[in-house]
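The values are calculated or read from the model by the stated rules, or taken from the named source; none is laboratory data. All of these numbers come straight from a predicted model, not from anything done at the bench. Positions of Cβ are backbone-derived with ideal geometry, glycine not excepted, and every protein chain shown enters the neighbour counts. Side chains included, ligands, DNA and RNA excluded: accessible areas come from the protein's heavy atoms. Shrake-Rupley method; radii C 1.70, N 1.55, O 1.52, S 1.80 Å.
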Amino acid sequence: MPRRRPPRPPPRRRVPLADIAPAPADFSGWTCPAPLRDHERIIMGHGGGGTLSAELVEHLFAPAFGSDVLAELGDSAHLTMGGARLAFSTDSFVVRPLFFPGGSIGDLAVNGTVNDLAMAGAVPAYLSCGFILEEGVELSVVGRVAQALGDAARTAGVTVATGDTKVVDAGHGDGIFINTAGIGLVPDGVDIRPQRAAPGDAVLVSGQIGVHGVAIMSVREGLEFGVEIQSDTASLAGMVADMLAACQDLHVLRDPTRGGLATSLNEIAGAAGVGITLDERSLPVPDTVANACSFLGLDPLYVANEGKLVAFVPPDHADAVLEAMRAHPLGKEAVRIGSCVEDHPGMVVAATGLGGTRVVDMPLGEQLPRIC
């Protein structure tokens, strides 16, 4: 039987390209998962300690307040009253959850402010404490936080001298928010501020980085990494006193909290107009933090710390200061991680283990919000 040919398809009609081109896309209703620099409302990134936080302070708050003292934009202000040199600082704490491995919001409220004073070389003396409580929070929880705050103050050698309490409607808070302000005395001859970083300075860090942020993340997200990771929250004032005894001419101290070590280094480089080079192999990242960050796609350099400091020290005093840090319980794992240089002013560059280099930039917002 003869095979039948399939019918011929109808002839193709040529259609002008303009008739089939897609219409221009309408982006007006789109949203971007990453925070954009140009926006009209506050977003979580404004509280992350990165570029957005800096822009908010520099372009909104600083012009509104118009203070010469504020212009330095340090972690604490330097004041002179009656011939005494004082450091004055304030901080607010909104960490979630209230309790975490190694500490609580009460510990942070003391240690965070005490450390800001210590980073100016001051001897912390007095704190104020303001509690903002949400209606419905259990009194037993408030009591635990207050006890932790008092214990941390006694450990740090400071006095909670005044305070305040406010209550907000249920649903308008997150259990407990705390604000602390602190004041301390700066010894004669001590001048520690970001603008003093100078080429040749050794960059030292007091111990393992990224621990606090990963500890908060593990309990907040219900993650398990094989071992419990505890926050490093602690008062650094005692170690700073030991460092000053070894070298009174410390140039810069900073506790790398929100935004991690990378943010602190970028702020210092920008303030002093110098470059910073890091040896990535020298960074003290514990395996637990490295594994957690690898799993979650985070960079340990941007993860928060609450009991570590970074120091810029003249090169001829670096060994003595490093020895003093290692002799203190909180600085046993202190290491040199890099140097201050004249090249690439305002930038932080890390030498990688593969022989290359990478720019360690300022983060836009925060990898993990609400960590302090």
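Below is a table of values for the structure above.
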| read-out | value |
| --- | --- |
| Answer residue from the stretch 208-221, given it is surrounded by fewer than 23 Cβ atoms within 10 Å (Cβ to Cβ) and either on the phi > 0 side of the Ramachandran plot or assigned to a loop (DSSP other than H, G, I, E, B) (or both) and is modelled with the lowest pLDDT among those | 221 |
| Residue 354, sole failed condition from (1) more than 20 Å from residue 118 (Cα to Cα); (2) of a type in the set (A, V, I, L, M, F, W, C); (3) in contact with a Ser or Thr (Cβ under 9 Å, 6 or more places away or on another chain) | (3) |
| Top-ranked residue of the stretch 256-265 - restricted to ones that are over 14 Å from residue 203 (Cβ atoms) and in a loop (DSSP other than H, G, I, E, B), ranked as least open to solvent (accessible area, probe 1.4 Å) | 259 |
| Selection from the stretch 271-292 of residues that are within 16 Å of residue 232 (Cβ to Cβ), of a type in the set (Val, Ile, Thr) and open to solvent by 30 Å² or more (accessible area, probe 1.4 Å) | 285, 288 |
| Members of the stretch 317-342 that are open to solvent by 30 Å² or more (accessible area, probe 1.4 Å), under 21 Å from residue 353 (Cβ atoms) and either among the aliphatic types (A, V, I, L, M) or part of a loop (DSSP other than H, G, I, E, B) (or both) | 333, 335, 341 |
| Positions within the stretch 343-369 being open to solvent by 60 Å² or more (accessible area, probe 1.4 Å), farther than 23 Å from residue 197 by Cα and touching a helix residue (DSSP H, G or I) at 6+ places or on another chain (Cβ under 8 Å), in sequence order | 367 |
| Some residue of the stretch 250-273 being of a type in the set (Asp, Glu) and out of contact with any Leu (no Cβ under 9 Å at 6 or more places or on another chain) | no |
| Hey, residue 121 touching a Pro at 6+ places or on another chain (Cβ under 8 Å), modelled with pLDDT of 95 or more and under 23 Å from residue 256 (Cα atoms) or not | yes |
| Per-region count, the stretch 155-169, residues in contact with a strand residue (DSSP E or B) (Cβ under 6 Å, 6 or more places away or on another chain) and not in a strand (DSSP E or B) | 1 |
| Lone unmet requirement of (1) farther than 27 Å from residue 107 by Cβ; (2) part of a helix (DSSP H, G or I); (3) out of contact with any Cys (no Cβ under 8 Å at 6 or more places or on another chain); (4) touching a residue at least 60 places away in the same chain (Cβ under 8 Å) for residue 364 | (2) |
| All positions within the stretch 155-171 that are surrounded by fewer than 12 Cβ atoms within 10 Å (Cβ to Cβ) and either closer than 11 Å to residue 132 by Cα or in contact (Cβ under 8 Å) with a residue 40 or more places away in the chain (or both) | 164, 165, 166, 169 |
| Hits in the stretch 172-188 (condition: open to solvent by less than 60 Å² (accessible area, probe 1.4 Å) and more than 26 Å from the chain's Cα centre (by Cα)) | 187 |
| Hits in the stretch 269-292 (condition: closer than 14 Å to residue 339 by Cβ and not in a loop (DSSP other than H, G, I, E, B)) | 269, 272, 275, 276, 277, 278, 279, 280, 282 |
| Test: residue in the stretch 190-198 that is more than 30 Å from residue 341 (Cβ to Cβ) and surrounded by fewer than 19 Cβ atoms within 10 Å (Cβ to Cβ) | no |
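Matching residues to (1) in contact (Cβ under 8 Å) with a residue 12 or more places away in the chain; (2) polar (S, T, N, Q):
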| residue | (1), (2) |
| --- | --- |
| 78 | yes, no |
| 81 | no, no |
| 100 | yes, no |
| 104 | yes, yes |
| 108 | yes, no |
| 118 | yes, no |
| 122 | yes, no |
| 126 | yes, no |
| 130 | yes, no |
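Condition check ((1) touching a helix residue (DSSP H, G or I) at 6+ places or on another chain (Cβ under 8 Å); (2) assigned to a loop (DSSP other than H, G, I, E, B); (3) more than 27 Å from residue 110 (Cβ to Cβ); (4) open to solvent by less than 40 Å² (accessible area, probe 1.4 Å)) across all residues:
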site	(1), (2), (3), (4)
243	yes, no, no, yes
249	yes, yes, yes, no
253	yes, no, no, yes
267	yes, no, no, no
294	no, no, yes, no
301	yes, no, no, yes
304	yes, yes, no, yes
312	yes, no, no, yes
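Yes or no, residue by residue, for (1) farther than 21 Å from residue 176 by Cβ; (2) at pLDDT 75 or above:
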residue	(1), (2)
26	yes, no
70	yes, no
85	yes, yes
99	no, yes
